[in-house]
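Below is one structure; the comments refer to it alone.
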Amino acid sequence: MEESSSQGKRIELPAAHPLRTELYEEVHARPFPLVRAPVRVSHLAILSEPGDSESHLAHLADLAKRYSVNPPAPEASCYYATFPGFDLRWERHTEFCTYTVLRPGASETPFTEPGLGLLPSDWLAGMPGRSLVATHLEVLQKEVPDPFDPALERAFEGHLVVGSRIVDDRAALWSTLRLHSDGFSRYLLHNSKLNEFQVGRTIQRVLEIETYRIMALLGYPVAKRIWPRVRRIDTELATLIDGLARVETPEDEKRLLHELVALSQSIEHMRSDTNFRFSATDAYMTLVHRRLSDLREHKFPGRSSVTKFLDRRLTPAAATCESAERHLRDLSLRVARATESLRARIETTLEEQNQTLLESMNQRASQQLRLQEMVEGLSVAAISYYFIGLLGYALKALHDAGWDFDVAVATGAAVIPVVAGVWGFVSWRRRRIQARAGR
């Protein structure tokens, strides 16, 4: 029993479920950081396999040792620590791990002194896994500038800038949503009225938008790769379904069934290879839309907002993945229906063949029965003949012994009783044999 106290009174509770504490703490996992602007943030998302966490934790422990900072706990799913000059946040997700560095202060020119600049270069180069997302975000404590200020274009190397007011016009977010010459994407946040909690929450939302949108796009190359094969299978399936109406012989049915089974195996193989990726794309897209909604954007006249830009560019890619998944599912159902139809036809053919075979067997059985009856009659005659022959010998012996009777008359008189007796005996034996067989 587990004990609990309320207002000084101890209450005994049933034994706690082993996951109860973990489930309660889940809603508090990965909290928003409290961030004071200005700040420079660098963020990396590293693709990882289930067994890579130990390598990341060991790598973090090595960094902590260099700076005499407490290392992460074994099997930790997150690690937050303050290092000299920066804060480091590491989080483990299902498919990736994230490293986020927060460096207080602002660069003289945005993005020239990023947060990652304080980390040892050899440590960065030795990071396990491959980076998929790399972004810099700078938060400036300034009023919202003119959306067409040339300084914005310079900060983003002359690329087309998208941006909008966010969080009920308390800040403005700018980006190009593309990689720059340093290999990082860039976000610039002008904060005018956000407090530390809101700044930290906004930073986390922006970084999640960047991470999840790239993770969602991982399904797009897969969809493009399988589309030619999907179209080819679609054409082959249409041809096979059309051929169902022209099948005439059992050999044709067997050949068509083998082709449908091979096609079904090919489709299910593709589905098993792509199901996780397409499901993940759908889940990541849902998260992206939620985080964009949380930003509460208010667009500048003449400037595209982040939400509008992503809807125009990201949604078609996600729709391609959804279409490929839906088409594979439809192909699977169509193959199943065609196979079921062909199997029903084959079963009908087999039933007709079985019916013909049964009729033939019945005819043969009837013939055998008539033959048996004929043979039985001949057997009665033969047995009766031999029996009467033996009886004749016995009658002759009695006549020679002095009995006075006509042997020929006596033998003739015995024919009918003998034949009747033999017939009755044979019929009785047949009935007994049939009775035993019917048990």
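The values are calculated or read from the model by the stated rules, or taken from the named source; none is laboratory data. None of these values were measured; they are calculated from a predicted model. Quick reminder, even Gly has a Cβ in these numbers, built from the backbone with ideal geometry, and neighbours come from all protein chains shown. Note: areas computed on protein heavy atoms with side chains; ligands, DNA, RNA excluded. Shrake-Rupley method; radii C 1.70, N 1.55, O 1.52, S 1.80 Å.
Considering VAL407, VAL422, VAL426, VAL418, the condition of being more than 25 Å from SER379 (Cβ to Cβ) and β-branched (Val, Ile, Thr) is satisfied by VAL407 alone.
Table: residues versus (1) outside any loop (DSSP other than H, G, I, E, B); (2) of a type in the set (Phe, Trp, Tyr); (3) open to solvent by less than 20 Å² (accessible area, probe 1.4 Å); (4) in contact with a His (Cβ under 9 Å, 6 or more places away or on another chain).
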{"site": "ILE46", "(1), (2), (3), (4)": "yes, no, yes, yes"}
{"site": "ASP52", "(1), (2), (3), (4)": "yes, no, no, no"}
{"site": "SER55", "(1), (2), (3), (4)": "yes, no, no, no"}
{"site": "LEU60", "(1), (2), (3), (4)": "yes, no, yes, no"}
{"site": "LEU63", "(1), (2), (3), (4)": "yes, no, yes, no"}
{"site": "VAL69", "(1), (2), (3), (4)": "no, no, no, no"}
{"site": "PRO74", "(1), (2), (3), (4)": "no, no, no, no"}
{"site": "THR82", "(1), (2), (3), (4)": "yes, no, no, no"}
{"site": "LEU88", "(1), (2), (3), (4)": "yes, no, yes, no"}
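Taking the criterion of being touching a helix residue (DSSP H, G or I) at 6+ places or on another chain (Cβ under 9 Å) and over 16 Å from HIS269 (Cβ atoms), the residues of region 317-329 that qualify are ALA317, ALA318, THR320, CYS321, GLU322, SER323.
In region 206-222, is there at least one residue being more than 22 Å from PHE309 (Cα to Cα), crowded, with 16+ Cβ neighbours inside 10 Å and out of contact with any Phe, Trp or Tyr (no Cβ under 6 Å at 6 or more places or on another chain)?
The answer is yes, given that some residue of region 206-222 is more than 22 Å from PHE309 (Cα to Cα), crowded, with 16+ Cβ neighbours inside 10 Å and out of contact with any Phe, Trp or Tyr (no Cβ under 6 Å at 6 or more places or on another chain).
For region 251-258, state whether one or more residues are in contact (Cβ under 8 Å) with a residue 40 or more places away in the chain and under 30 Å from THR202 (Cβ atoms). There is no residue in region 251-258 that is in contact (Cβ under 8 Å) with a residue 40 or more places away in the chain and under 30 Å from THR202 (Cβ atoms). Pairs are defined by a Cβ separation below 6 Å, a sequence spacing of at least 6 or placement on different chains, a first member in region 44-68 that is within 18 Å of PHE86 (Cα to Cα), and a second member that is part of a strand (DSSP E or B) and open to solvent by 60 Å² or more (accessible area, probe 1.4 Å); the pairs so defined are LEU44/SER131.
Note on region 282-308: residues that are within 17 Å of GLU210 (Cβ to Cβ) and either assigned to a helix (DSSP H, G or I) or free of Cβ contacts under 8 Å to residues at least 12 places away in the same chain (or both) amount to 16. Just one of the listed residues (ARG313, ARG364, ARG329) is within 27 Å of LEU263 (Cα to Cα) and in a helix (DSSP H, G or I), namely ARG329. Within region 127-155, being in a loop (DSSP other than H, G, I, E, B) and either among the charged types (D, E, K, R) or buried (at least 22 other Cβ atoms within 10 Å of the Cβ) (or both) holds for LYS142, GLU143, ASP146, ASP149.
A single member of SER264, SER272, SER279, SER305 is hydroxyl-bearing (Ser, Thr, Tyr), crowded, with 16+ Cβ neighbours inside 10 Å and within 30 Å of the chain's Cα centre (by Cα), and it is SER264.
Taken over region 196-205, the residue count meeting the criterion of being buried (at least 19 other Cβ atoms within 10 Å of the Cβ) and among the hydrophobic types (A, V, I, L, M, F, W, C) is 2.
From GLU325, GLU347, which residue is acidic (Asp, Glu), out of contact with any His (no Cβ under 9 Å at 6 or more places or on another chain) and either open to solvent by 100 Å² or more (accessible area, probe 1.4 Å) or at pLDDT below 75 (or both)?
Values: GLU325 fails: either open to solvent by 100 Å² or more (accessible area, probe 1.4 Å) or at pLDDT below 75 (or both).
Of GLU325, GLU347, the one residue that is acidic (Asp, Glu), out of contact with any His (no Cβ under 9 Å at 6 or more places or on another chain) and either open to solvent by 100 Å² or more (accessible area, probe 1.4 Å) or at pLDDT below 75 (or both) is GLU347.
Out of curiosity, is ALA336 under 26 Å from the mean Cα position of the chain (by Cα) and more than 18 Å from ILE267 (Cβ to Cβ)? Spelling it out, it is not the case that ALA336 is under 26 Å from the mean Cα position of the chain (by Cα) and more than 18 Å from ILE267 (Cβ to Cβ).
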